[in-house]
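Take a look at the structure set out below.
The numbers here are math on the coordinates, done by the rules we state, and not lab data. Computed from a prediction, not measured in an experiment: that's the story for all the values here. All Cβ positions, even for glycine, are placed from backbone atoms using ideal geometry, and neighbour counts span all protein chains on display.
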């Protein structure tokens, strides 16, 4: 009988039921004592006690949340928000283990670099029978257009390489997968390290952990050196598929940290053989592209013709050496899961060495013997189809029909399948804040290697790689995807001695572009900022209106058949039923002992605006807002981004809000958060073009909102009068101003004066036009040296003069004079029209209207 | 034989295109039995970044961009081509088809380098998926013990006999299944069909794009532009090499066939493809002349 715990009772409490299993244990040695490299950390944790640990975990969690760290692809969809938990207990790797891992990873990167070079060059490994051609040529990552014959100078280079590693239950390190296109996780690894060293400052300061920051500095140097001596200040961009992609947070984070411009496919164009970013100031040449897009989608001319993410002509630009892509197009073939079965021989052939890090047991089903073996015992294998990456087939978890289909596929196209042996991972400890004890986990590590910058110009056989001393770990069954994990961990690589502290704060990693945010602002970013402004303001206006409407609802007597003000408010919010609907819905509601049918109808319609499903509801407006703000994440300050996070949380809760009062309170909070957001934008964004577009978007929306509201309240309402006017003032937040200034009952002329003409009132149309005029005049001019005013300026002048030329006397006595009402109607319409057109004009002059590229020959074919 | 070759491709757009990136595979390859000289390539409007390279299959690829606003794109190639008879392969006609298929199998770890290279052409490609219906169709000719050479010629002849050449029946997007059902198509469909059949039998077959000299009706001059681009097939005979067959004409290509290039299927050797911004819909005109040098028509002077 083994002892049931350690010698330390406090530690035993913390361990809970963690001990008591078989197989390799990372934390405890076979005699159930903490291993040497864990002792210091465990002692600190014991000293802190479970309650402190829970508090620190929560602290880490809220830091993570505030920064919007997420893997989730659908976070704009209000129903789908999920981010992971960051375990406050790291994965600790001893110095000895690390030496071994580091050497193994270095060898692996050298091997894969040579293999890549051979596959796109002589293809000796295929011709000599070391690697079956069927395995290579069917992989979507093998790009025929990157394999010219005779192969030329620019063969794809492996610059940056990610490897998923696990310790199995026997205590052996095993490689699960290689990532050679755009390995994700470096940004997350750094973010986790920063977060935990803030949540557990003492632990992190004193531990002899290897620091990470220098790896990213090396990466920056490496990318800059790719551009060679071509240019003094190479322009490096980070190419993301866009905010809809699962890794977008990391793309934006890295772009910001590394001081690269974040671009999408639409931003890039190939002209004169060069890749360039479309900016407000014209085309801006790109030297190095750090891509986050998979091989087949990068160029619709030479690769998948149906790609909308790609840049036509990109491969040719890379081929001619005018741009460097990291990793080079074509490197994706190294991600083939069946390579694991061939690497030991390839390592002997290409390096003359024995492969150090074993891959997981795998069989390539294209080999008839392997296929027989797999078919005989299908339930002992996990099957992967290279045409459906990320999907794993286990027959014991599939329906009979699906198994039948799989067997047929395996029969007809065996070479597409790889069979992997399920793997038992070693046990690693995690801290569970709910049980306040350690729990058993199986953890996968993603580690990264990078070519030494000086080696890039050397022959591939001389390339040397450095390994990031740390990485990203996640909890899940071996082989489970990082994106599907719920818990992530920091990785500690222990050094012999305490490490000098390197600041993780953003340092100048390279040349700083002084023109940032000036004319080199991509047109797409300008466009997203503009729409972020418009949707943000729209959200504000609607939240205020809805808040007022809910307030009125509470003041109404629920039994009254005629609900006075509500129909007008429903109109303002765009949810008023037409007459037919009204009769129908009222009939459907039926008798209620306490509420009139009209009251219930108004209540339902208003509360429906809080639901995810309402097309003009608040969550939907928010999702437009957040989609645009995510697309410009790298242009917003951290605090501004935090306020977006806070609105997001509220919008997630909003759909579950049932009561009117709770709804009102949430709306109140959203209004404040939005004010904080725009305030922070004004305070922190450089007042360059980007900020101007945001401001223009915002004020176009606001001027239109105010004009519509005035039109309703003063002219078209069913029940015009003081209660409605009060709503107008409350919605524009001018109630107090009005009372202080006029000290009287509400009067239409006074309201008009305050909200239309008074240019000192930031909520007045006069002020807004002035502000728009100033902003538009400072946008980069598209026409050169012309004395003619452009359309945007003319529209603003048109609206401003309309306002200035009004004969105020003709507007008095609105309540009784039909003539005055007509005059006001004409005035408001004359203001609304040019402002609505202004939006199109700005968009037309400044945003790139990138059409989806068309193919001359349609290559899509049916089976 | 000596020929003067002229190949015009013209795209007319319904609207202006502002930028286009293009790839052309319209320069004939040099082969032991085919020599090209005086090759000229004229692109209108003027191309930017024109450059030539050899693709994976060794075909000549020309990349170019057009950056001026344009409503049409015209590419004309002229070349003098001399051809000789292809090597005859009677000596090896004794290879059985099962033997050949076994040589092409994934199971073979080491072997003849040519055979290993040919295995790429057993696999599915963008336009050609192996399928039971194709295998079933081919099996009539691939009975046990038949020589590969004989079986291929028989199948080639059968496609010629059983299928109708019909320009209106198919488009590029017509799936092979449908071609097999309707028994109609054009040279490209028949080439894809034959390749699909051979691959479904486990054999290596590739797609060849090129031209064929056509003879005018007796007593008449040859009309300009009357020839067309053509497509046929080559099957790999282990230990010997690639044997060409033309299912559209049910024959074995001779000196009258000029090879442009080859690949797994049409997608690898599309004569002119491109991606453009703007342009709207487009209309394609292709005119090909393969003029035998000794017997030039009067219009020869035109180019």
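Key figures
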read-out	value
Spin-label model distance (nm) - residue A:843 vs residue B:150, 7 Å beyond Cα toward Cβ	7.2 nm
Chain B: relative contact order as a whole-number percent, Cα under 8 Å and 6+ apart	30 percent
Shape category assigned to region A:87-239 from the gyration tensor of Cα positions, a/c cut at 1.5	oblate
Debye intensity ratio I(q)/I(0), log10, the protein assembly as shown, q values 0.05, 0.07 Å⁻¹ (C-alpha model)	-0.45, -0.85
Residue B:177/residue A:306 FRET efficiency (R0 22 Å; Cβ-Cβ; nearest 0.05)	0.55
Per principal axis, descending, Cα span of region A:208-293 in whole Å	51, 36, 21
For q = 0.16, 0.18, 0.21, 0.22 Å⁻¹, Debye-computed log10 I/I(0) when each Cα of region A:520-648 counts as one equal scatterer	-0.82, -0.94, -1.15, -1.23
Degrees separating the helix A:765-777 axis from the principal Cα axis of chain A, which is the longest one	40 degrees
Residue A:830-residue A:611 FRET efficiency (beta carbon distance; Förster radius 51 Å; 0.05 resolution)	0.85
Extension reserve of the residue A:96-residue A:272 stretch, reckoned as 0.36 nm per residue once the Cα distance is removed	58.1 nm
Degrees between helix A:248-258 axis and first principal axis of chain A (Cα, 0 to 90, nearest 10)	80 degrees
Three-way shape call for region A:699-818 based on the alpha-carbon gyration tensor, with the a/c threshold at 1.5	prolate
Cα-projected label distance for residue A:823 with residue B:168, points at 7 Å along beta-carbon direction, nm	7.2 nm
Rounded tilt (10° steps) of A:660-684 against the dominant C-alpha axis of chain A	70 degrees
Theoretical ellipticity at 222 nm over chain A - DSSP helices of four or more residues, -39500 (n - 2.57) apiece, nearest 500	-14000 deg cm²/dmol
Chain A: relative contact order in percent, alpha carbon pairs under 8 Å with at least 6 residues between	15 percent
Long-range tail of P(r) for region B:90-268 (Cα pairs > 25 Å, %)	31 percent
Long-range tail of P(r) for chain B (Cα pairs > 27 Å, %)	45 percent
Relative contact order [Cα under 8 Å, 6+ residues apart], region B:90-268, whole percent	28 percent
Amide N proximity, region B:111-126 versus residue A:412 label position 7 Å along Cα-to-Cβ, cut-off under 14 Å	B:124-125
Mean projected area in nm² (Cα convex hull; one quarter of hull surface) for region A:598-667	4.9 nm²
Residue A:17/residue A:40 FRET efficiency (R0 22 Å; Cβ-Cβ; nearest 0.05)	0.40
Region B:74-147 versus region B:2-27: alpha-carbon centroid distance in Å	31 Å
Cα-projected label distance for residue A:742 with residue A:345, points at 7 Å along beta-carbon direction, nm	8.9 nm
Mean residue ellipticity (222 nm) of chain B, computed from DSSP H runs ≥ 4 via -39,500 (n - 2.57), nearest 500	-5500 deg cm²/dmol
Rounded Å value of the spacing that divides the Cα centres of region B:248-284 and region A:642-683	59 Å
Stretchable slack from residue A:719 to residue A:7, in nm (0.36 nm times residue separation minus alpha-carbon distance)	248.3 nm
Burial order of peptide ranges B:136-143, A:184-191, A:402-409, B:57-64 (average beta-carbon count within 10 Å, highest first)	A:184-191, B:57-64, B:136-143, A:402-409
